[in-house]
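Student: I'd like to ask you about the structure that follows.
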Amino acid sequence: MQQSSRRLTVRTPQVENDADEFGAEVRAGLTGEHKTLPCRFLYDRRGSELFEQICELPEYYVTRTEREILENNADAIAALFPEDLAMVELGSGSSSKTRVLIEAFLRSNGRLRYVPMDISKKMLVESSEALLEDYDGLKIVAIAAEYSTGLRQLGREAIERKLILWLGSTLGNFERKDSARFLARIKATMTGDDRLLVGIDLRKDKAVLEAAYDDAQGVTAKFNLNLLVRINSELGGNFDLRHFRHEASYEEESGRVRSNIVSLREQTVHIRELDMYVEFTAEERIHTENSHKYSLAEIDALAQASGLRVTQQWFDSDDRFALNLFAPA
Ligand code: AVI
């Protein structure tokens, strides 16, 4: 399907069947011995709003730090691509950080094709319209799809040289092996001149990380527990939020922050639409998200495992975060 105005084309290559998929994943995740819920379900409307709030929190340095790197280096990045370019962005969300790059490209080249990709069509259309209002030299082909469908659609677009962005350390939410596999799939869409710019959060002090994922105002707790709110409203669950808490702990060795929802007591929850009862012991956990942190050596290894090589890296003043430019190896 396609929807066009003069400078905006929206592609929706995917038929949405979110409700069924959510139910099936909740059933599978809450039935096993170790309960889990996939982190991609954190981002319904309310979850996305809470995530935007997380990005502004004093403890959550990730967004601010990446923005600092982009602001300090956007002109240098644009200078690497002096000819016509399509800038593709995976998981573009509100595209707020990307504005820094868009402006740099428009300053240097005068025009730019931007191809944002996001699962939320509403967010895509709203942010694309806002961008087009602000920037005359911009044309947008927006792809409303999850990553694999979006990448397939990207293969069908007639695109000149491209720079693919994957910002926000979203890669960190993939298991390490899966992130290499996913980067290899991105690489499969690239020609020799194309480049991939990926924001990756670096390994650091446990206390800094645990504060970033369990902030004093409790916004991250709300974000995580919103999964239970979603089950209640979409699947007729009766989770009582007073009897669950959020937990985030950093495992130094594996370099990941694990987020869980912890049952505060022995309890049984009913999920009407799934016709199931879920039993919890006191302190039993539902694992909801991993946020992997990388060393520079791990970034090199990741590139190698994906058929890519690091051509340039930029850091913030405290070396908390790396923006990495990859080329096909
Ligand atoms: C989207 N993603 C990179 C965030 C992260 O840092 O793992 C999601 C998040 N979870 C809790 N706070 C932020």
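Derivation of every value follows stated rules applied to the coordinates shown; laboratory data play no part. Everything numeric in this text was worked out from a predicted model, so none of it was measured. Don't worry about glycine lacking a Cβ; one is built from the backbone with ideal geometry, like all the others, and counts go over all protein chains shown.
Student: Within the set of other residues whose C-beta is less than 12 Å from the C-beta of Leu8, count the net charge using Lys and Arg as +1 and Asp and Glu as -1. Walk me through the numbers before you get to the answer.
Tutor: Details: positive: Arg6, Arg7, Arg11, Arg113, Lys139; negative: Glu126, Glu129, Glu133.
Computed value for this residue: +2.
Student: Under unit Cβ charges (Lys, Arg +1; Asp, Glu -1), what dipole magnitude, rounded to 20 debye, does segment 191-245 have relative to its Cα centre?
Tutor: Its charge dipole is roughly 220 debye.
Student: Within the set of other residues whose C-beta is less than 9 Å from the C-beta of Arg176, count the net charge using Lys and Arg as +1 and Asp and Glu as -1.
Tutor: That sum, taken over residues with Cβ under 9 Å, equals -1.
Student: While we're looking at this one, here's another question. Working only with C-alpha atoms, what are the Rg and Dmax values of the chain, expressed in angstrom?
Tutor: Radius of gyration, then largest Cα-Cα span, for the chain: 20.4, 62 Å.
Student: Same structure, new question: Show me, for segment 236-253, the HN-Hα J-couplings you get by feeding each phi into the Karplus relation (A = 6.51, B = -1.76, C = 1.60, θ = phi - 60°), rounded to Hz, glycine and proline as x.
Tutor: Along segment 236-253, the couplings run x, x, 10, 4, 9, 5, 5, 10, 9, 9, 8, 9, 9, 9, 8, 9, 4, 5 Hz.
Student: Moving on to the next point. Ranked by Cβ crowding within 10 angstrom, fewest neighbours first, how are Asp194, Asp300, Asp319 ordered?
Tutor: The order, fewest Cβ neighbours first, is Asp319, Asp300, Asp194.
Student: Of Gln153, Val278, Thr65, which is farthest on the positive side of the dipole of the chain, counting Cα position, with +1 on Lys and Arg Cβ, -1 on Asp and Glu Cβ, and the Cα centre as origin?
Tutor: In the chain, that residue is Gln153.
Student: Let me ask something else. So how tilted is helix 176-188 from the main axis of the chain? Cα-based, degrees 0 to 90, rounded to 10.
Tutor: Long axis of 176-188 versus the principal axis of the chain: about 30 degrees.
Student: Taking the Cα centre of the chain as origin, sum charge times position over the Cβ atoms of Lys and Arg (+1) and Asp and Glu (-1), and report the length of that vector in debye to the nearest 20.
Tutor: 840
Student: Further, regarding this structure: In which sequence would Tyr114, Tyr277, Tyr250 go, from the one with the fewest C-beta neighbours within 10 Å to the one with the most?
Tutor: Ranking Tyr114, Tyr277, Tyr250 by Cβ neighbours within 10 Å, fewest first, gives Tyr277, Tyr250, Tyr114.
Student: Across the chain, how many lysine pairs, 8 or more positions apart or on different chains, have C-alpha atoms separated by under 22 Å? Please give the number.
Tutor: For the chain, qualifying lysine pairs total 18.
Student: On a full-extension model of 0.36 nm per residue, what is the gain between Gln267 and Gln313, subtracting their alpha-carbon distance, rounded to one decimal in nm?
Tutor: Details: separation 46, 0.36 × 46 = 16.56 nm, distance 4.92 nm.
The Gln267-Gln313 span can extend by a further 11.6 nm.
Student: Compute the distance from the alpha-carbon center of segment 151-207 to that of segment 213-246, in whole Å.
Tutor: For segment 151-207 versus segment 213-246, the Cα centre distance is 30 Å.
Student: In addition: With both bridge residues required to lie in the chain, what share of the DSSP beta bridges run antiparallel, to the nearest 5%?
Tutor: Percent antiparallel among DSSP bridges in the chain is about 60.
Student: How large is ³J(HN,Hα) for each residue in segment 189-206, as worked out from phi by the Karplus curve 6.51 cos²θ - 1.76 cosθ + 1.60 (θ = phi - 60°), to whole Hz, x for Gly and Pro?
Tutor: 8, 9, 8, x, 8, 6, 9, 10, 10, 10, x, 10, 6, 9, 4, 7, 4, 4
Student: Provide Phe22, Phe223, Phe174 in ascending order of the number of other Cβ atoms located within 10 Å of each residue's Cβ, fewest first.
Tutor: Ordered by Cβ neighbours within 10 Å, fewest first: Phe174, Phe22, Phe223.
Student: Would you kindly derive the ³J(HN,Hα) couplings of segment 265-278 from the backbone phi angles with the Karplus curve 6.51 cos²θ - 1.76 cosθ + 1.60 (θ = phi - 60°), listing them in order in whole Hz, with x for Gly and Pro?
Tutor: Each residue's phi maps through the Karplus curve to give 7, 5, 6, 10, 10, 9, 10, 4, 4, 9, 6, 9, 10, 10 Hz.
Student: Check which residues have an amide H placed less than 5 Å from Glu289's amide H, if you skip close sequence neighbours.
Tutor: Residues meeting the criterion, in which the H sits 1.01 Å from N, are Ser259.
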